[in-house]
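> Take this structure, written in structure tokens, and hold onto it; I'll ask about it next.
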């Protein structure tokens, strides 16, 4: 559960950074502080992409581990459907948030030269909405996945005849 909490915390920080970059752009016009705006936006975009990619990789790899447990220990195949449900729940919002963050940075060039600046602002607002959706999906999927892995660990230890460890803090 430690990894899940850590990666979710970074996602929350990314959401705050994304919102702060937008607030900075509306409070201090980018023409007055373009370097600061670009720096905040790049940092926020990287903070959005980093935990989401880790979450996607984590869910993909734990899915493989669960599949191995199902085949090796004859665990119910319903475990795999639960893992797949977690992955399906989280992929769309995470990928949309990542694409939106990177697209917002790319469209910043158009806003800089004065062409279609509204697209930059509109994509930023859409990205913020995608990021909030991804927080909901990420928390639900990571917590459910952690519960599932703890259950699989307990079953594996029980099969070996060892006592199960207590819940992790």
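> Could you check the stretch 30-76 and list, in sequence order, the residues that are part of a loop (DSSP other than H, G, I, E, B) and loosely packed, with under 11 Cβ neighbours inside 10 Å? Spell out how you get there, then give the answer.
At the first step, the residues of the stretch 30-76 found to be part of a loop (DSSP other than H, G, I, E, B) are 30-33, 74-76.
Matches in the stretch 30-76: 31, 32, 74, 76.
> I would also like to ask the following. Conditions first: (1) modelled with pLDDT under 90; (2) within 19 Å of the chain's Cα centre (by Cα). Residue 34 passes all but one, so which condition is the exception?
In the conditions (1) modelled with pLDDT under 90; (2) within 19 Å of the chain's Cα centre (by Cα), residue 34 misses (2) alone.
> Suppose we filter 132, 95 for residues that are assigned to a helix (DSSP H, G or I), modelled with pLDDT of 90 or more and within 17 Å of residue 17 (Cα to Cα); which single one remains?
Working: 95 fails: within 17 Å of residue 17 (Cα to Cα).
Being assigned to a helix (DSSP H, G or I), modelled with pLDDT of 90 or more and within 17 Å of residue 17 (Cα to Cα) holds for just one of 132, 95, which is 132.
A quick yes/no check of all residues on (1) closer than 22 Å to residue 10 by Cα; (2) exposed (fewer than 15 other Cβ atoms within 10 Å of the Cβ):
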{"site": "88", "(1), (2)": "yes, yes"}
{"site": "105", "(1), (2)": "yes, no"}
{"site": "113", "(1), (2)": "no, yes"}
{"site": "139", "(1), (2)": "yes, no"}
{"site": "146", "(1), (2)": "yes, no"}
{"site": "154", "(1), (2)": "no, yes"}
{"site": "157", "(1), (2)": "no, yes"}
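> Any chance you could count how many residues in the stretch 91-131 are in contact with a helix residue (DSSP H, G or I) (Cβ under 7 Å, 6 or more places away or on another chain) and in contact (Cβ under 8 Å) with a residue 60 or more places away in the chain?
9
> Could you say whether any residue in the stretch 149-156 is over 20 Å from residue 3 (Cα atoms) and touching a helix residue (DSSP H, G or I) at 6+ places or on another chain (Cβ under 9 Å)?
First pass over the stretch 149-156, keeping only residues over 20 Å from residue 3 (Cα atoms): 155-156.
Remaining after also requiring touching a helix residue (DSSP H, G or I) at 6+ places or on another chain (Cβ under 9 Å): 155-156.
Looking for residues that are over 20 Å from residue 3 (Cα atoms) and touching a helix residue (DSSP H, G or I) at 6+ places or on another chain (Cβ under 9 Å), one finds at least one in the stretch 149-156, hence yes.
The values are calculated or read from the model by the stated rules, or taken from the named source; none is laboratory data. What you see is a predicted model, and the numbers here were worked out from it, not measured in a lab. As a convention, Cβ positions derive from the backbone with ideal geometry for all residues, glycine included, and neighbour counts pool all protein chains shown.
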